[in-house]
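Any read-out appearing in this document is the output of simple, stated calculations on the displayed coordinates, not a laboratory observation. Only a predicted model underlies this, so the values are computations on that prediction, with no experimental measurement involved. Note: ideal-geometry Cβ built from the backbone for every residue, glycine included; neighbour counts use all protein chains shown.
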Amino acid sequence: MPYPNSRISAFVIIFLICLTAVPVSVSSSETRAYEIKAAFLYNFVKFVEWPESLMKQSRGIITVGIMGTGDFGNAFDVIAGRSVKDMKLSVRYFEKAEDIRACHLLFVSDSEKNRLRDILESVRGYPVLTVGDAEDFSTLGGIIRFYTENNKVRFEINISAASKADLKISAKLLEVAKIAK
């Protein structure tokens, strides 16, 4: 007669193998990546200074704009309403490049890589912190580019582009960033 514990052990092992064999959906890992990026956006606001005149006009609101499509879920919505520097964050989704000048920080998804040059051109000369994840984002004049290294989200900063946008980036943020060349 077989041992009852060996049957239970075999069942548990087969059950665990079946669980680990189920592929994790791409969308869940992509959504998680956007949640991490949203947390970065929230923290970027803490370490960037916009022109004082713009902040006075903002009436206590910092607008975070999102352009593009992706498996965002509500990843960016979780920062809406949070306070930074005595100001509330507002999250808005944009489709047209001409509407984005109304935001302080603009995240441009990689899905917009075909329109990236036009999007960045539409905010050139305005104090908008542009953040994106397209490979040539910094090269085209974007300020902060997300990239993945060793399965971790990292970022690089284009100091020249930040200066042209009249934004001051804290030395603390620059210490932990890769500087775009």
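The table that follows gives values for the structure above.
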{"quantity": "Amide H contacts under 5 Å for residue 103, placed H, 5+ residues apart", "calculated": "none"}
{"quantity": "Cα-centred dipole magnitude for segment 27-179, charges only on beta-carbon of K, R (+1) and D, E (-1), debye, nearest 20", "calculated": "480"}
{"quantity": "Residue-wise HN-Hα coupling along segment 106-123, computed from phi with Karplus coefficients 6.51, -1.76, 1.60 (Hz; x: Gly, Pro)", "calculated": "10, 9, 10, 5, 4, 5, 9, 4, 6, 9, 4, 4, 5, 5, 5, 5, 5, 10"}
{"quantity": "Zone residues, segment 75-102, relative to residue 126, backbone N less than 11 Å from point 7 Å out along Cα-to-Cβ", "calculated": "96-102"}
{"quantity": "Integer Hz, Karplus 6.51/-1.76/1.60 couplings in order for segment 64-76, x for Gly and Pro", "calculated": "9, x, 10, 10, x, 10, x, 8, 5, x, 10, 3, 7"}
{"quantity": "Placed amide H near residue 82: partners under 5 Å, 5+ positions off or other chain", "calculated": "89"}
{"quantity": "Neighbourhood charge, 14 Å Cβ-Cβ cut-off, centred on residue 87 and excluding it, Lys, Arg +1 and Asp, Glu -1", "calculated": "+3"}
{"quantity": "Positive-end extreme of charge dipole, segment 27-179 - chosen from 141, 153, 105 (charges on Cβ)", "calculated": "105"}
{"quantity": "Entries of 96/164; 96/172; 56/181; 46/152; 152/172 with Cα pairs more than 29 Å apart", "calculated": "96/172; 56/181"}
{"quantity": "Residue 56 versus residue 99: modelled label distance in nm, points set 7 Å from Cα along the beta carbon direction", "calculated": "3.0"}
{"quantity": "Residue-span extension gain [residue 147 to residue 181] - 0.36 nm each, minus C-alpha spacing", "calculated": "10.8 nm"}
